[in-house]
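None of the figures in this text is laboratory data; all of them are computed from the coordinates on show. The model shown is predicted, which means the values in this text are computed figures rather than measured ones. A quick note on method: Cβ atoms are made from the backbone with ideal geometry, for glycine too, and the neighbour counts reach across all protein chains shown.
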Amino acid sequence: MLNKNGYVPLYEQLRQQLRQQILNGTYKNGDMLPSENELMKIYSITRTTIRKAMSALVQEGLIQQIHGRGTFVSFKEVKKTIWNFQGFSTLAKERNETPVSRVLEHAVITKNGNEFLKLVRLRGMEKDGHITWMTLDESELPLALFPKLETNNFEQHSLYDILEKTYNCPPRHVNLDILPILSDDRTMDLFSLSTQQPLLKAQGEVFDDNGQCIETLSVVYGQQFTFKMAKTI
């Protein structure tokens, strides 16, 4: 059900719940979702709220709306392997290296009356005393979900380990857009680039088991970072 007293708008809660049901296979590719009237009865919400949630799911490419027929799941899972998004610890272990983080910004900010932890970190690997900086991560996490999260030392402890062990809320799904960018003065300095270079940037949201957004995230990948992907066709 939806939390009508929470800080997350109702349309966003509905979007997250339906999104999770699509990702976990409750609704499979080609299945028809409940009608607007059915959703109004199930969740006791307005038609406007439902349409706003559906519009967001259409933009994500998870559903399609066919006039006169209904709303159908259009998400077909592609099995692929890509860098383990759960964190640097697993990646470092695979490479026999030590994960390193440098916190560039650590602050509590307010948006729409709600407090968030804003965390900006330069992340890399250390081996034989040499550090290779690999990503620039910018995260925002709601303190309503994670009270006192800002009191942690994120140079000494993994963010995702803290979410799992302290708050019992491990990240489970991520929805990212990946786009090419050119390095600017900041990234050239952080990644020790002598000239402007093409980089990759990922931005999006991280979700828990219940499909609730627990983090908005932006990651710039340095040139030392390599993606590997396999796709079944």
Given the chain, longest segment not containing exposed loop trypsin sites (Lys or Arg not before Pro) (DSSP; at most 12 other Cβ within 10 Å): 149-227
Note, ARG102: beta-carbon cut-off 15 Å, +1 each Lys/Arg, -1 each Asp/Glu, net -3
GluC sites (Glu not before Pro), loop per DSSP, at most 13 other Cβ atoms within 10 Å - longest free stretch of the chain: 156-233
Out of every Cα pair in segment 88-221, what percent are spaced more than 26 Å from each other? 24
If you rank CYS213, CYS169 by fewest surrounding Cβ atoms within 10 Å, what's the result? CYS169, CYS213
May I ask for the angle, rounded to the nearest 10°, between helix 10-23 and the longest principal axis of the chain, with both axes built from Cα atoms and the value confined to 0 to 90°? 80
Expressed as a whole-number percentage, the relative contact order of the chain with C-alpha contacts under 8 angstrom and at least six residues apart is 17
For LYS201, go through the aspartates and glutamates and keep the ones whose alpha-carbon is under 20 Å away, minus same-chain ones fewer than eight residues off. GLU60, GLU105, ASP137, GLU138, GLU140, ASP177, ASP184, ASP185, ASP189, GLU215
Which label in [x] 155; [y] 215; [z] 193 gives the computed volume of the Cα convex hull per residue in Å³: [x]
Relative contact order [Cα under 8 Å, 6+ residues apart], segment 113-170, whole percent: 30
For the chain, take the longest principal axis of its alpha carbons; what is the angle in degrees between that and the long axis of helix 47-60, to the nearest 10 within 0 to 90? 40
In whole Å, what are the Cα extents of segment 10-73 along the three principal axes, biggest one first? 26, 26, 20
Nearby aspartates and glutamates by direct alpha-carbon distance to LYS52 (threshold 12 angstrom, same-chain neighbours under 8 apart not counted): GLU12, GLU36
